[in-house]
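The values are calculated or read from the model by the stated rules, or taken from the named source; none is laboratory data. Remember, predicted model here, so these are calculated numbers, not experimental data. Every residue, glycine among them, receives a Cβ derived from its backbone with ideal geometry; neighbour counts consider all protein chains shown.
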Amino acid sequence: MSIKKTSRRDFIKISAAGTAGLALANPVLNWVPGFLPKHEKPLDESKAKRFPTFCEVCFWKCAGFTYLNNEGKIQKIIGNEDDPHSNGRFCPRGTGGVGMYYDNDRLKKPLMRVFEDGENKFKEVSWEVALDFIADKMKVIAKDHGPESMALLYHASSGSYFKHLLKAYGSKNIAKPSYAQCLGPREAGFVATYGAGISSPEPTDVKNTKCLVLIGNHVGENMHNGYVQEVSEAIDRGASIITVDPRFSTIASKSKFWLPIKPATDLALLLSWIHVLIYDDLYDKKYVEQYAFGFDELKAHVKNFTPEWAYTKTDINPEDIRDSAYEMAKAAPAAIVHPGRHTTWYGDDTQRTRAIAILNALLGSYGKKGGWYFAEKKKVPQYPAPAYPHPQWTWKEITRPTYKSAGTGLANDLIKASLPSNQSEHKIKGWLVVGTNLLSTIPDKNQTLAAIKNLELMVVVDTMPMEITGYADIILPECTYLERYDDIRSSQHRYPNIALRMPAAEPRWDTKPGWWMAKELASRLKLGKYFRWENVEEELDWKFKQMGTSLEEMKKIGVKIFDKEKDLYLDEGEEHFFNTDTGKIELYSLDLEAKGYDPMPKYTEHAQPDENFYRLIYGRAPMHTFGRTSNNPNLVDLMEENKVWVNPKVAKIWGLEPDQEVWLENQDGVISTFSIKVRVTERIRHDSVYIIHGFGKSNKLLTNCYGKGIDDSELITRIKIDPIMGGTGMRENFVTFLLENPHKKEVKS
Ligand SMILES: Nc1nc2c(c(=O)[nH]1)N[C@H]1C(S)=C(S)[C@@H](COP(=O)(O)OP(=O)(O)OC[C@H]3O[C@@H](n4cnc5c(=O)[nH]c(N)nc54)[C@H](O)[C@@H]3O)O[C@H]1N2
Ligand SMILES: Nc1nc2c(c(=O)[nH]1)N[C@H]1C(S)=C(S)[C@@H](COP(=O)(O)OP(=O)(O)OC[C@H]3O[C@@H](n4cnc5c(=O)[nH]c(N)nc54)[C@H](O)[C@@H]3O)O[C@H]1N2
Ligand code: SF4
Ligand SMILES: [Mo]
């Protein structure tokens, strides 16, 4: 194939120019590494061809335009000015997204597992053969075990067409890792308190806030675009930031308070902030009286949680706890205690976010300017199709008996239901895996592998030869987001808005869009009536027309903003019904109580590391999104490996030098496959080490990133499950250093 890899030098040139511009045009964003400014002079639109898209490099889904150069090749992606997710700017990963298209390590043809010459191999097959095989197997599974025993695990936009397929086939066993490995606990915590989850983008009115409290929420490294921009504006306006993090994060360096908490003790801090707000009379009495339920119980509950008590748990000085509580109260109601996004930490995560939800209520910030606004979203109509068949059972039968507040299917529970040891009647026998690299994403890799072994069918739809593809029966190569249409992006925001993604180029090699695969499978499964449209343009146009626009208009504008139907904020004293049992904000949760959980958050002690062990904590780097970018040629140039952050005191004990290669071994004796370089820094507490998630790729076909750095997931073998919603707490793993290569014969290439 003759398409040339994009020139790395060109990319750097763009970023360098961008950064220089940034210093002048956007001083507020200077603290964020690599963030590009608005594209001030658009390319000459009469000459340059552009196609609307929204980014697939992370889940913020910024809308922009893909531009072609004079030779008709994809050149760059630039933010759409009308889009509230991007406001016309892309983050470095989004800009580098072009590298996903040009990556020559991509999956190129359907691959089928065959047994030849005494071994398992992948053989290239035609789409016909691949799809026939899958449909035949799915028919057998439906006949032998019922259609419910097929599950869909997904985290790519194209998952939406596979969801439709699976429901038409007769299964609702569908899960994304973005629930039980990510934001599930905060959703459950807010549902229990306000009767509504948070969803994405978070309706925090950061743009107008006077005080933003971030609990392990490392914005600036966590690069959710519109959010980073609003935080920058807030900093520029002089809003005070309070950051609670055992690590001196980028945002900690911009904060009025950095509280370097002892990991796993956040609930003690939160309870003592609640104590100070109540006992120092700092809370919003009118708001609490009008909207909240259970204040007296809460007051009694937190009576003893003084800052002095919290100090014994958290290592944070009582004065700092008090001062920071006063700081929030001073700004209230224009104050936000941010719920974070990835919240599956220690197992008591729903209760931690409950405490956050309660704090916001005491500050009177929910539904108030500078606090939380009421977001609105436009419903996307479904193209006419018959009603779905009724499954005999769903994920609810698997999960809800134990995790009563689980809001969606849990990827980890569907995996457990696939294990040979599953004695229940609800067994999963086949997986469709669409854009999720389960082995790095779901903790306890051995369990995932045992489940995979027991499957009758495993189909992986991906763009890259990620680890998970190696275990598939069939691999279907999807074209990248720059080469396909996808379902409409409709997202909640201050104003309801929608965006179109359309192809800017033909799919490279023999890759295909997910919608096409789902439709083809449907026709083989005799489910064609659920996909009546000839092609996806017809389907999208029909939907757009129901929404008051058209595909033709959307191709020009990319993003459409609709009028609001509700107010953004509550008026003073306005009546409001919260969707809870009492119709009020439940400081004391009747729902949790009825389900047998603590109605108010309790502090639970967590294990601390033994001598010579350190808590393994992980996070994000501004230049990468997990493993999905680790092979991206553009982004590898910006950051090619992760390093382990080690406090100088610890480095001294171990005699570690900067950039020395070490291996990590966890409490269960699991050793990292590869070595990692040491970064000695005061920015991490002495009881923890920190690495960026998404590195240590073990598939040699990923030629840009194979063996670079290590994968935190393989060291996460002890999981603390949230008893309320079933999320997998992953931060109770401890590691020690191995200075000699423990895999004697292994050569790191
Ligand atoms: N140890 C550890 N585990 C974690 C986390 C952590 O920090 N540490 N983070 C958790 C969080 S917050 C989340 S949200 C999840 C994320 O979990 P995942 O979304 O599973 O994460 P990725 O590793 O990015 O895997 C994405 C997969 O999608 C593929 N892909 C990319 N684009 C496309 C596309 O257009 N189509 C298709 N079909 N495939 C595509 C990629 O090649 C890759 O295989 O992981 C969770 N698990
Ligand atoms: N660039 C980039 N941006 C991303 C992503 C990405 O991959 N790359 N992923 C996106 C996704 S899917 C998600 S869910 C979000 C996640 O983003 P966040 O919700 O911000 O991230 P977390 O992973 O929960 O938190 C990481 C931070 O928690 C701190 N921490 C660790 N243990 C503790 C503790 O016990 N207490 C406290 N207070 N802090 C602790 C770590 O030091 C680190 O700074 O990021 C999103 N944004
Ligand atoms: S934040 Fe960056 S990577 Fe995520 S969708 Fe927006 S531009 Fe893409
Ligand atoms: Mo996430």
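Applying the selection to segment 597-626, what residues are hydroxyl-bearing (S, T, Y), in contact with a strand residue (DSSP E or B) (Cβ under 8 Å, 6 or more places away or on another chain) and within 16 Å of ligand 4 (Cβ to nearest atom)?
Selection gives Y618 alone.
Residue-level check: of (1) within 22 Å of N632 (Cβ to Cβ); (2) within 16 Å of ligand 2 (Cβ to nearest atom); (3) in the same structural domain as K519 (by TED's automatic domain parsing), L153 misses just (1). Contact annotation: residue pairs with Cβ atoms under 8 Å, 6 or more positions apart or on different chains, pairing a residue in segment 450-465 that is farther than 30 Å from D103 by Cα with a partner that is polar (S, T, N, Q) and more than 16 Å from ligand 3 (Cβ to nearest atom), are A451/S418; N454/S418; L455/S418.
Within segment 283-297, residues that are assigned by TED's automatic domain parsing to the domain that holds G583 and within 13 Å of P599 (Cβ to Cβ) sit with their Cβ atoms under 8 Å from residues that are surrounded by 16 or more Cβ atoms within 10 Å (Cβ to Cβ) and of a type in the set (D, E), at 6+ positions apart or across chains, in these pairs: F293/E586; G294/E586. Among the residues of segment 263-281, those that are surrounded by 19 or more Cβ atoms within 10 Å (Cβ to Cβ) and in a loop (DSSP other than H, G, I, E, B) comprise P263, A264, T265. Among the residues of segment 606-633, those that are away from ligand 2 (no atom under 11 Å from the Cβ) and either part of a strand (DSSP E or B) or of a type in the set (F, W, Y) (or both) comprise F613, Y614.
Just a yes or no: is a residue in segment 492-510 assigned to a helix (DSSP H, G or I) and in contact (Cβ under 8 Å) with a residue 40 or more places away in the chain? Break it down into steps so the answer makes sense when it comes.
Step one: filter segment 492-510 for residues assigned to a helix (DSSP H, G or I), giving none.
Looking through segment 492-510, none of the residues is assigned to a helix (DSSP H, G or I) and in contact (Cβ under 8 Å) with a residue 40 or more places away in the chain.
Scanning segment 545-599 for residues that are in contact (Cβ under 8 Å) with a residue 24 or more places away in the chain, within 13 Å of I498 (Cα to Cα) and of a type in the set (D, E, K, R) turns up K555, K560, D563. Restricting attention to segment 298-330, which residues are β-branched (V, I, T) and either assigned to a helix (DSSP H, G or I) or touching a residue at least 40 places away in the same chain (Cβ under 8 Å) (or both)? The answer is T312, T314, I316, I321. Looking only at segment 618-658, residues that are within 13 Å of ligand 3 (Cβ to nearest atom) and under 23 Å from L439 (Cα atoms) come to 11 in all. Tallying residues that are within 16 Å of ligand 3 (Cβ to nearest atom) and touching a residue at least 60 places away in the same chain (Cβ under 8 Å) within segment 80-113 yields 21. Among (1) surrounded by fewer than 20 Cβ atoms within 10 Å (Cβ to Cβ); (2) touching a helix residue (DSSP H, G or I) at 6+ places or on another chain (Cβ under 6 Å), which single condition is V536 missing? It is condition (1) that V536 fails.
Limited to segment 217-236, what total is found for residues that are part of a helix (DSSP H, G or I), within 18 Å of R93 (Cβ to Cβ) and among the aliphatic types (A, V, I, L, M)?
As a first pass, look at segment 217-236 and keep what is part of a helix (DSSP H, G or I): 225-236.
Imposing the further condition that a residue be within 18 Å of R93 (Cβ to Cβ) reduces the set to 225-229, 231-232.
Among the residues that remain, those that are also among the aliphatic types (A, V, I, L, M) are: 228, 231.
Matching residues across segment 217-236 total 2.
Could you look through segment 711-728, keep only residues that are within 18 Å of the chain's Cα centre (by Cα) and of a type in the set (S, T, N, Q), and pick out the one that is farthest from F674 (Cα to Cα)? For segment 711-728, the residue satisfying everything is T728. Going by the conditions given, is A196 within 15 Å of ligand 1 (Cβ to nearest atom), aliphatic (A, V, I, L, M) and at pLDDT 95 or above? Criteria not met by A196.
Would you check if there is a residue in segment 119-127 being farther than 25 Å from M517 by Cβ and surrounded by fewer than 20 Cβ atoms within 10 Å (Cβ to Cβ)?
The initial filter retains those residues of segment 119-127 that are farther than 25 Å from M517 by Cβ, namely 119.
Adding the requirement that they be surrounded by fewer than 20 Cβ atoms within 10 Å (Cβ to Cβ) leaves 119.
Yes.
Do we find a residue being assigned to a loop (DSSP other than H, G, I, E, B) and either hydroxyl-bearing (S, T, Y) or not assigned by TED's automatic domain parsing to the domain that holds H624 (or both) anywhere in segment 660-670? The answer is no; no qualifying residue exists.
Tell me, please, whether a residue that is away from ligand 3 (no atom under 16 Å from the Cβ), aliphatic (A, V, I, L, M) and at positive phi can be found in segment 207-215. Explain how you work it out, then say what you get.
If we filter segment 207-215 for residues that are away from ligand 3 (no atom under 16 Å from the Cβ), which is where we start, we get 207-215.
Filter again for aliphatic (A, V, I, L, M), leaving 212-215.
Adding the requirement that they be at positive phi leaves none.
No.
Of all residues in segment 87-102, count the ones that are within 14 Å of ligand 2 (Cβ to nearest atom) and assigned to a loop (DSSP other than H, G, I, E, B).
4
Do you know which residues across segment 684-734 are charged (D, E, K, R), farther than 29 Å from R354 by Cα and either at pLDDT below 95 or part of a loop (DSSP other than H, G, I, E, B) (or both)? It would help to see each step written out before you state the result.
Within segment 684-734, the first condition is being charged (D, E, K, R), and the residues that meet it are 685, 687, 697, 700, 708, 711-712, 714, 718, 720, 722, 731-732.
The next check asks that each one be farther than 29 Å from R354 by Cα; those that pass are 697, 700, 708, 711, 714.
Listed by number, the residues that qualify are K700, K708, D711.
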